[in-house]
1. Could you check the spin-label model distance between E143 and S265? Points 7 Å from the Cα along Cα→Cβ, value in nm.
2. Just want the answer: with Cβ charges of +1 for Lys and Arg and -1 for Asp and Glu, which residue in S116, L407, Q311 is farthest toward the dipole's positive end in the chain?
3. Using Cα-Cα distances under 8 Å and only pairs 6 or more residues apart, what relative contact order does segment 312-432 have, in percent?
4. About its Cα centre, how strong a charge dipole does the chain have in debye, to the nearest 20, once Lys and Arg get +1 and Asp and Glu get -1 at the Cβ?
5. Helix-only mean residue ellipticity at 222 nm, the chain, DSSP H runs n ≥ 4 weighted -39,500 (n - 2.57), per residue, nearest 500. What is it?
6. Suppose the chain between S300 and W29 were pulled fully straight at 0.36 nm per residue; how much longer would it get relative to their current alpha carbon spacing?
7. Highest mean first, how do 232-239, 352-359, 314-321 rank when packing is the count of other Cβ atoms within 10 Å averaged over residues?
8. Say the dipole of the chain comes from +1 at the beta carbon of Lys and Arg and -1 at that of Asp and Glu; which of A196, V161, A343 then lies farthest toward its positive end?
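Nothing in this text is a laboratory measurement; each read-out follows from the coordinates by a stated rule. Nothing here was measured: the structure is a model prediction, and the numbers come from that model. Cβ atoms come from the backbone with ideal geometry, glycine included; neighbour counts cover every protein chain shown.
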Amino acid sequence: MKSHPLFVCRECGAHAPRWVGRCTSCGAWGALEESSSHENAYGTSLRALDLVDDDAALTPTGVDEFDRVLGGGLVAGSTTLLFGEPGVGKSTLALTLLMSLARAGHEVVLASAEESLAQVARRARRLGAVPAHLHVAALSHVEEVERLFESGRRLVVVDSVSTLRDDEGVGAGGSVSQVRRVAERLCARAKTSGVALVMIGHVTKDGELAGPRALEHLVDTVVRIEGDRRGALREVRALKHRFAATGEVGLFEMVSEGLRALDPSQLRAGSDLAVAGVVTTVTSDGSRSFLVEVQALVASASGPSRRVAHQVSSQRLSLLLAVLEARCGVEVAGLDVYATTAAGLSASEPAADAALALAVASARVGFVVSGDVVVIGEVGLAGELRAVSDLTRRLREAQRLGAARALVPTAGELEPVEGLTVERCRSLGEVLAALQPVTV
């Protein structure tokens, strides 16, 4: 396909279809240079890839835990889909982002298609003083929302994308075709205007994103907020992110004033009571490590024995019970076994195997594991301890939060951690032997 050269004056920026010795705009001699941007026969602008700027403008929201998930903040013109179960805190999180940006002097807008302005104002005042740069509109048509993307605004939030309607589209409001068309128009408007867009979505009964699957492909970022509505802990994760790595997790606590960023150190809710069946481990999620208290209880069964697992893997619990009996001589047959964690954090990764098995053995035999001891390691069917990832980082976090002694696998690289006594163990049996029983 034929391309047409374009010449640009380096003095004034004027364009010319061909080279001439003197710029017809500013009169400079020898100032015209052929541009790396050309137009083909259809008028499409082409640019040399090595000259394209890849530094997207990044605006921190001021909500550190959310910025961590997004790799530093919102990219200008980016589109983000935020979803979660009803009542988990989607609207509260979005309003928290808006208010934080507005307090920093950025112009932001909330397009509410579900709540009235009075309801939004009531929610905002619960979060604190309402900044002047936060604007809100109750809208139901996508054409009205498109007009909100004005130059100078930093963020537009749509709550929610499934309740907007496109009069030019087919189908009832909230239908798959309507949701897709609304999302397409909003994403296109965000990219052309350079204003970041956050759309709130809903989930199905199975916990999956409601609406067409194409929504996930339309947007740049998909963020999920999850947590037990009866509890305070909320976890925010990026399932897709075009501008940074996924896998990071942001922690929030739901309080009466809204969502509050949570430091992992605040999650260690260890009891002062010295009781059997409680062991501390260190889990890893993204680039973060968390101290998790694993709890187990072994009781006489009044009927068929039960195995109840909460926040730990039920399959791994069954495997570990078999290993305890076959390799360590800890009998649990015919007994009820209950296992959970404190503070609502999950300990379902294999690195928590040794702590879970030790908690069950502690509860069954009746010895106490000191609260300043952490146990880390995956357990195999032969009872061996296997290496885990990021072991040094886990131990540094444990030491920072008060651990004095750690039992870890012999396999795997490990750097010295000042202030922490580290013992390498080959098997679960060695872990049990290293912790001298203290009868309660």
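1. For the pair E143/S265, the computed spacing is 5.6 nm.
2. Value computed over the given set: S116.
3. Relative CO of segment 312-432 lands at 23 percent.
4. Dipole size: approximately 460 debye.
5. -7000 deg cm²/dmol
6. Extra length available between S300 and W29 comes to 87.9 nm.
7. The densest-packed peptide leads the list: 352-359, 232-239, 314-321.
8. V161
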